[in-house]
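Asks: Pasting a structure below so you can have a look.
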Amino acid sequence: MRFRLVVDGDPRRVEVEQGPEGILIRVDGAEYRGKVRRVDDGIAVRLGSKWRRVRFVGRTVITQDATHEIAISEIEDETSDSALPARSRSVRRLPIRAPMPGRVVRVATRLGLEVKRGDTLLVLEAMKMQNEIAAPQDGTVTAVRVVEGDSVIADQIVAVLEGHRPPESRAGARAGTSSS
Amino acid sequence: MFRRLLIANRGEIAIRVARTARAMGIHCIGVYSEADRTALHRTAMDESVEIGGPLPAQSYLNASAILRAATETRADAIHPGYGFLSEKADFAVRCAEAGIVFVGPPPEAIAVTGDKVSARRAMAEAGVPVTEGVDRVLRSVDEAREVAAHLGYPVLFKATAGGGGIGMSRVDGPEDLAESFEAARSVARANFGNPDLFLEKYLRKARHVEVQVLLGDRGAGVGFVERECSVQRRHQKLVEETPSPAIGAAVRKRLREVAVRGLQSLGYRNAGTVEFLFHDGRFTFNEVNARLQVEHPITEMVTGVDLVRQQLRVASGEGIEVSQNEMRWKGHAIECRINAEDPLRNFLPSPGRVVDFRVPAGGQIRVDAGVAAGSIVPAFYDPLIAKLAVAGSSRETMVRRMLQSVDAFEVRGIHTTLPFHRVLMSDRDFIRGNLWTTMVDDLHLVGRIRSRGPWERQIAEIAAAVAASGRLMSGPTIDLLRSKASAWSAAGRRHLLAGGDHAVPPRRRW
């Protein structure tokens, strides 16, 4: 499961994988492993050595030592994505997201182009630094949703790739050359 | 002294300059771009003027707009801070033409130091030892190959118009030379409008040391105890300290004398810094920074000299308040740069809204911040949001104090370099003072960051609970009913639940 979780105004991109061994949580890419279980009035979570209880009251979360306001949006279920109708099972539609807010300084790809894993799709600039957004796998570009000069927000889909193999990693940004 | 000063910058440095200027009774005029209408630096000024669009070229780099603002507000001087227009000789010329004092060196000196090749030549002529290299622009790959073979690999391409660590490219052998040459040229052209490169011998495991210099009206002046800024990534400084743990009294004196003499030979005035590489017990000239530097607070903390005050005094013709004979320094100071960058994702820029901002406090702790809770960090500008500096008796105690201060510093809403600093302050080499410019990469310091701290851990817990509770099945929450009051009541509830004013904060261990 992927979703956007805002805690007390702090927005984070979260991925959660639940397995028999426990739970894996990625918060903006940083990994946490732990265990969860249901208790009478909420959920008990163990990320380190201690179990901590978390309760929900509407949009308020009550943990052991504080309360927080949360908001949840952009829920995506990974499994439903590959089960899209009218698509062959081997084809995988892969949205390419901006890893950070910034400005598109170069679009290095175009609709219909066949790209190899690692090819630069576009260059984003933020805070005097240019970041190349590379193709996470081989595939065909089926949508380019930005033009040069556009401002994008974090996680905005900037292009869509249709690949023929499962992705080896998520769309990543490579810190490239800087600019002023 | 000036009566009205326009501060042509933003963020922490604009606030820092205004602090001293206002204490001197000077009326401060701030400038801001469209993206900075709610920026904190506006509140540090007596008045402020909007100068243009969000892109630097439309506002903070727009010399015409800034001069217009200065004329309209009857400013008699402009302080450029660092970056932006601080090292543009033609801007200094235009200030003079408009009858406004530019708080900085004369344009001729900016021009010489801004061209790295001419700076090297001038320094060599003044008897300053210069890093081995060529003092001319390389016109072709063949010429570069010849020079590189003569210097011996590895070598470093540098842009003659470069700065801020941009436009440098290390070459380990002749096979990579052609590619690096073209790549470095295109980076230099894109960033500085000038593709010219020269070559220097690349020094492995070198330290970066620098001397702050202050020259008065007639060129007489002082050099300060050196700063060491070896902790860098992408050739940009992350941590600075003074004095350098590697330099003894004899070298310190020589370094200072050479730096002062070097700048004097250029006809330099006001504050400037001479950077050196320190390698095998020898120091060689690297470049001059013709401006106030980010890391100036640590020098202020060990010497008690307010560098901005001295800059304003020199620019207004009042002279420096300290002489070399009276100059004393005491103890040790360290500064960490708090950037809006995510060290866990290769220092990826992290602009956005700061939702909470808590700074450490205490004797000998200084925070120069450009943001507060509620501030927006725009994607258009430099990632530096704050500088955390500590000073005290010894390096050992200051490393510990810095670690505590980093732990007490909390920024929510955006990612910062704080987790990196936490790892660095616990690193064995750093603690021993064994520093070199590529240590961040060589020691894989970033790989040692385990977490972004207790706040994110809490988010991870909540996320796990959200997923486990089946809460996601009911779809996204809709934020229609959010009123202003709810944030206050939530804060109040949190406060009470945490134990109110007399709560003992939970101990942190991570």
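The values are calculated or read from the model by the stated rules, or taken from the named source; none is laboratory data. Here the structure is a predicted model, which is why all the values come from computation and not from measurement. For neighbour counting, all protein chains shown are included, and Cβ atoms are generated from backbone atoms with ideal geometry for every residue, glycine included. Areas reflect the complete protein model, heavy atoms only, side chains present, ligands, DNA and RNA absent. Shrake-Rupley method; radii C 1.70, N 1.55, O 1.52, S 1.80 Å.
Asks: So how much accessible area does residue A:146 have, in Å² to the nearest 10, using a 1.4 Å probe?
Replies: 10 Å²
Asks: Sequence neighbours fewer than 8 away in the same chain don't count; with that in mind, list the lysines whose C-alpha is under 30 Å from residue A:116.
Replies: Straight-distance partners of residue A:116: A:128.
Asks: Considering only the other residues whose Cβ falls under 14 Å of the Cβ of residue B:101, what net charge follows from Lys and Arg at +1 and Asp and Glu at -1?
Replies: So the environment of residue B:101 carries a net charge of +2.
Asks: Exactly which GluC sites (Glu not before Pro) in the stretch B:321-421 are in a DSSP loop and have at most 15 other Cβ atoms within 10 Å?
Replies: Listed in order of number, the matching sites are B:321, B:326.
Asks: Please enumerate, by chain and number, the lysines with C-alpha under 25 Å from the C-alpha of residue B:330, excluding those fewer than 8 residues away in the same chain.
Replies: Hits, sequence-local ones excluded: B:237, B:253, B:387.
Asks: Taking every DSSP beta bridge with both residues inside the protein assembly as shown, roughly what % is antiparallel (nearest 5)?
Replies: The answer is about 90 percent antiparallel.
Asks: Apply the Debye scattering formula to the stretch B:4-103, with a single equal point scatterer on each alpha-carbon and no solvent, then give log10 I(q)/I(0) at q = 0.23, 0.24 Å⁻¹.
Replies: Result of the Debye calculation: -1.23, -1.35.
Asks: Could you tell me whether the stretch B:66-119 comes out rounded, prolate or oblate from its Cα gyration tensor? Rule is a ≥ b ≥ c as square roots of the eigenvalues, rounded for a/c under 1.5, then prolate if a/b exceeds b/c, otherwise oblate.
Replies: prolate
Asks: Continuing with this model, one more query. What ranking of B:168, B:439 comes out by heavy-atom accessible area, probe 1.4 Å, highest first?
Replies: Working: B:168 60, B:439 0 Å².
The residues order as B:168, B:439, largest area first.
Asks: Can you compute the charge dipole magnitude of the stretch B:4-103 about its Cα centre, using +1 on each Lys and Arg Cβ and -1 on each Asp and Glu Cβ, nothing else charged? Give it in debye, rounded to the nearest 20.
Replies: Computed charge dipole of the stretch B:4-103: roughly 200 debye.
Asks: Let me ask something additional. Using only the alpha-carbon atoms of the stretch B:225-351 as identical scatterers, what base-10 log of I(q)/I(0) does the Debye formula give at q = 0.09, 0.11, 0.15 Å⁻¹?
Replies: Relative scattering, expressed as log10 I(q)/I(0), comes to -0.30, -0.44, -0.80.
Asks: Work out the FRET efficiency for residue B:373 and residue B:309 from their Cβ-Cβ distance, taking R0 = 45 Å, and round it to the nearest 0.05.
Replies: The formula returns an efficiency of 0.90 here.
Asks: Residue B:366: net charge of surrounding residues, Cβ under 14 Å, Lys/Arg +1, Asp/Glu -1, itself excluded?
Replies: Net local charge, residue B:366 excluded: -3.
Asks: Using a 1.4 Å probe and counting only protein heavy atoms, arrange B:254, B:3, B:16 so the residue with the most accessible area comes first.
Replies: From most exposed to least exposed: B:3, B:254, B:16.
Asks: Could you report the accessible area of residue B:64 in Å², rounded to 10, computed with a 1.4 Å probe on the protein chains as they sit in the structure?
Replies: 50 Å²
Asks: Which value, in Å³ per residue, describes the convex hull spanned by the Cα atoms of the protein assembly as shown?
Replies: Value for the protein assembly as shown: 174 Å³ per residue.
Asks: Counting pairs of Cα atoms in the stretch B:207-448, how many percent are more than 28 Å apart?
Replies: It works out to 32 percent of all Cα pairs.
Asks: Could you compute how much accessible area chains B and A hide from each other, both sides summed, with a 1.4 Å probe? Nearest 100 Å² is fine. Don't skip to the end; give the middle numbers.
Replies: Values: alone 23140 and 11430 Å², together 29520 Å².
Interface area, both chains combined: 5100 Å², rounded to the nearest 100.
Asks: Assuming R0 = 56 Å, what is the FRET efficiency of residue B:318 and residue B:194, from their Cβ-Cβ distance, to the nearest 0.05?
Replies: On the way: r = 37 Å, r/R0 = 0.66.
With a Förster radius of 56 Å, E is 0.90.
Asks: Largest first, what is the accessible-area ranking of B:295, A:31, A:125 with a 1.4 Å probe?
Replies: A:31, A:125, B:295
Asks: Using alpha carbons only, what's the Rg to Rh ratio of the stretch B:167-210 with Rh from Kirkwood?
Replies: Expressed as Rg/Rh, it is 1.03.
Asks: For the pair residue B:74 and residue B:254, what calculated FRET efficiency results from E = 1/(1 + (r/R0)^6), where r is the Cβ-Cβ distance and R0 = 45 Å, to the nearest 0.05?
Replies: With a Förster radius of 45 Å, E is 0.45.
Asks: Picking from B:297, A:129, B:357, whose Cα lies most toward the positive end of the charge dipole for the protein assembly as shown (charges on Cβ: Lys, Arg +1; Asp, Glu -1)?
Replies: B:357
Asks: What are the membrane-span-like helices in chain B by this rule: whole DSSP H runs, Cα extent along the axis at least 30 Å, mean Kyte-Doolittle hydropathy at least 1.6?
Replies: The qualifying helices: there are none.
Asks: Right, another one. How much accessible surface area, in Å² rounded to 10, belongs to the heavy atoms of residue A:3 with a 1.4 Å probe?
Replies: Roughly 0 Å² of residue A:3 is accessible to a 1.4 Å probe.
Asks: Right, something else. Calculate, in whole percent, how much of the Cα-Cα pair population of chain B lies beyond 35 Å.
Replies: Counting every Cα pair in chain B, those more than 35 Å apart make up 37 percent.
Asks: Another question about this same structure. Rg and Dmax of the stretch B:303-445, Cα atoms, in Å?
Replies: Gyration radius and largest Cα-Cα distance of the stretch B:303-445: 17.4, 49 Å.
Asks: Could you give the dipole magnitude of the stretch B:64-197 about its Cα centre, charging the beta-carbon of Lys and Arg +1 and that of Asp and Glu -1, in debye to the nearest 20?
Replies: Once rounded to the nearest 20, the dipole reads 380 debye.
Asks: On to the next question. Given a 1.4 angstrom probe, what's the average accessible area per residue across the stretch B:70-206, in square angstrom?
Replies: Numbers: 5830 Å² over 137 residues.
Computed with neighbouring chains in place, this is 43 Å² per residue.
Asks: What is the mean projected area of the alpha carbon convex hull for the stretch B:64-192, to one decimal in square nanometres? Intermediate results must be reported in sequence, preceding the final value.
Replies: Values: hull surface 36.5 nm².
Mean projected area for the stretch B:64-192: 9.1 nm², to one decimal.
Asks: Another question, then. In debye, nearest 20: dipole of the protein assembly as shown around its Cα centre with unit charges on the Cβ of K, R (+) and D, E (-)?
Replies: Here the protein assembly as shown has a charge dipole of around 1780 debye.
Asks: Going by a ≥ b ≥ c, the root eigenvalues of the Cα gyration tensor, does the stretch B:132-201 fall in the rounded group (a/c under 1.5), the prolate group (a/b larger than b/c) or the oblate group?
Replies: prolate
Asks: Using a 1.4 Å probe on the protein chains only, how many percent of the accessible area of the protein assembly as shown belongs to carbon and sulfur? All intermediate terms of the calculation are to be shown ahead of the outcome.
Replies: Details: 14540 of 29520 Å².
Using a 1.4 Å probe with all protein chains present, the protein assembly as shown comes out at 49 percent carbon and sulfur.
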